[in-house]
Amino acid sequence: MAVEVTETAAEEVRRIISDGKHDPDTMLRLGISGGGCSGFSYSITLSQDFDEEKDSKYEFHGLPVVVDKKSLLYLDGTTVDFYKGLDRHGFTFNNPNAVKTCGCGSSFQA
C-alpha cells in the first residue's frame, strides 16, 4: 500500500521547489523521528539523496517521493495532503497506523 501524496500536496511541493530554485532532481522525502508530544514526529523535507537499499521511491502526480524503509513501517497507508484555509495551512498526514495523535497533528503514537 505504501504512502500516497495528493495532487494538491504534490502541486504545493513543486511550487516550493520552483520558487526556491532547487535542483530539478529534488524529491520530497517523508519520514518519522522519535519525539513530539505523542511519541513520533512526521518529517517532510526536500532531498536529492536516494539509497536503493535504505529507501523506497514513488511518484505521485509527477513528483518523486522517497521514504526510508524504517519510516515506511509506520507510514504505510498514510496520505499526505496540503490544506489551505483561513484558519491554517500546511501539510497534513492521514495515518491509519496512528492510535493517538497530538492536537496539532504533527506527532503520533503507533
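The values are calculated or read from the model by the stated rules, or taken from the named source; none is laboratory data. Since the model is a prediction, treat every value here as computed from it, not as a measurement. Cβ placement follows ideal geometry from the backbone for every residue including glycine, while neighbour counts extend to all protein chains displayed.
List of remarks:
- Annotation note: Cβ proximity below 7 Å between a residue of the range 15-26 that is more than 17 Å from G90 (Cα to Cα) and in contact (Cβ under 8 Å) with a residue 12 or more places away in the chain and a residue that is assigned to a helix (DSSP H, G or I) and of a type outside the set (D, E, K, R) (sequence gap 6+ or interchain) occurs for T26/I17.
- Among residues of the range 33-59 that are under 14 Å from S71 (Cβ atoms) and at pLDDT 95 or above, those with a Cβ under 8 angstrom from a residue that is polar (S, T, N, Q) and surrounded by 14 or more Cβ atoms within 10 Å (Cβ to Cβ), sequence gap 6+ or separate chain, pair up as S47/T26.
- Hey, G77 crowded, with 16+ Cβ neighbours inside 10 Å and either in contact (Cβ under 8 Å) with a residue 60 or more places away in the chain or touching an Asp or Glu at 6+ places or on another chain (Cβ under 8 Å) (or both) or not: no
- Selection count where residues are touching a Ser or Thr at 6+ places or on another chain (Cβ under 6 Å), among the polar types (S, T, N, Q) and assigned to a strand (DSSP E or B), scope the range 18-70: 3
- Taken as a whole, the range 9-17 holds at least one residue that is out of contact with any Asp or Glu (no Cβ under 7 Å at 6 or more places or on another chain), at pLDDT 85 or above, part of a helix (DSSP H, G or I) and among the acidic types (D, E).
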